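Student: Below: one structure in structure tokens.
The values are calculated or read from the model by the stated rules, or taken from the named source; none is laboratory data. Keep in mind it's a predicted model, so treat the numbers as computed, not measured. Cβ placement follows ideal geometry from the backbone for every residue including glycine, while neighbour counts extend to all protein chains displayed. Heavy atoms of the whole protein, side chains included, go into the accessibility calculation; ligands, DNA and RNA do not. Shrake-Rupley method; radii C 1.70, N 1.55, O 1.52, S 1.80 Å.
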Amino acid sequence: MTLPRWLVVVGVLVFGLMLLPVALVVWMSVFDSEFLTFPPSGYSLRWFAGLARERGLFGGLQLSLVLALSTAALSTALGLLAAVGLSRARLRRRGALENGFLLPLLIPAIVSGVAIYIYLYQLSWMLQVRLVPTLGALLLAHTMITLPWTFRLVHAGLSSLGTDVERASLDLGRGPWQTLWRVTLPLLRPSLVGAFIFAFIFSFAELEISLFLISPGQITLPVAMVQYAEFRVDPTLAAVSTVQILLVGTLLAVTNRFIRFGQVLSGGVKG
């Protein structure tokens, strides 16, 4: 089907407007001047070379990477268990339960952060155990906000598989666990990889919830960037943002080369 020319032009303009902030951030990261002025007096890569000396930003980057990897692993595992349980079990109102996993997407992140903090604070007061602010609470919160994505992606993959292959495996004498491990999981590999990557990206860039749950002296990269901007505004922040853009963009491009995110999101992935 051939699209009208005006619709193509509108699409290109919208896409360009979406990418314009990214291009501006990358452009500002190579400004030579310490102050952001337009047009720039010159260009330099010294802001990238100085990132390792910014202990707050570099430490935030390390913590964000560890936290994002842990969140992605935990969220993907829980999403897999929930998706398998709901898609293969014979439950009444299964559709309502599946939609319930998507409810956290309707709540603003700042509201979720406040609610989680208040709940864990009250619980810690009752149990006389310090629950917030701790890294465990931060991991729990990041897992909660990424679980809808991992559940949705894995559930879409299971829906595309059907049950014929699993029934054939059971008929040939394999038990339920052997079928899950040797048949279902290998066929779900594209969906699992997609879920892991999405959870990693959302956790890595999360700011609002992290503001309430970070431990003293241990801050994530988005929080470190906010704290840095309170005292200084120079191309260092643009350089850090450019590193984030390159990291996430490369991760998505390499992953999409093998699993095709469009197919995963539409539930049409085949093993």
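Student: Return the residues of the range 119-142 that are under 14 Å from residue 211 (Cβ atoms) and more than 20 Å from the chain's Cα centre (by Cα); say none if nothing qualifies.
Tutor: Here is the first cut: in the range 119-142, the residues under 14 Å from residue 211 (Cβ atoms) are 132-133, 137-138, 141-142.
Passing the criteria: 132, 133.
Student: Run residue 112 past the list (1) more than 15 Å from residue 208 (Cα to Cα); (2) touching a residue at least 40 places away in the same chain (Cβ under 8 Å) and report the number of the one that doesn't hold.
Tutor: (1)
Student: If you don't mind, there's one more thing I want to ask. Could you please find all residues in the range 216-271 being surrounded by 13 or more Cβ atoms within 10 Å (Cβ to Cβ), modelled with pLDDT under 80 and among the aromatic types (Phe, Trp, Tyr)?
Tutor: 261
Student: As an exercise: evaluate residue 51 against (1) within 24 Å of the chain's Cα centre (by Cα); (2) at pLDDT 80 or above; (3) open to solvent by less than 40 Å² (accessible area, probe 1.4 Å); (4) not polar (S, T, N, Q) and give the number of the one condition it does not meet.
Tutor: Residue 51 satisfies every listed condition except (2).
Student: Something else: Grab the helices (runs of 4 or more DSSP H) fully contained in the range 28-123, keeping just those with 2 or more residues being among the small types (Gly, Ala, Ser).
Tutor: Values: elements: 46-49, 55-88, 94-100.
Once the helices (runs of 4 or more DSSP H) in the range 28-123 are filtered for at least 2 residues that are among the small types (Gly, Ala, Ser), what remains is 55-88, 94-100.
Student: Another question about this same structure. Among the listed residues 48, 38, identify the single one that is touching a residue at least 40 places away in the same chain (Cβ under 8 Å), over 30 Å from residue 155 (Cβ atoms) and of a type outside the set (Lys, Arg).
Tutor: Details: 38 fails: touching a residue at least 40 places away in the same chain (Cβ under 8 Å).
Being touching a residue at least 40 places away in the same chain (Cβ under 8 Å), over 30 Å from residue 155 (Cβ atoms) and of a type outside the set (Lys, Arg) holds for just one of 48, 38, which is 48.
Student: Continuing with this model, one more query. Out of the range 127-147, which residues are open to solvent by 60 Å² or more (accessible area, probe 1.4 Å), modelled with pLDDT under 85 and of a type outside the set (D, E, K, R)? Explain how you work it out, then say what you get.
Tutor: Here is the first cut: in the range 127-147, the residues open to solvent by 60 Å² or more (accessible area, probe 1.4 Å) are 127-130, 135, 140, 144.
In the following step, the residues that additionally are modelled with pLDDT under 85 were identified as 127-130, 135.
Scanning the range 127-147 gives 127, 128, 129, 135.
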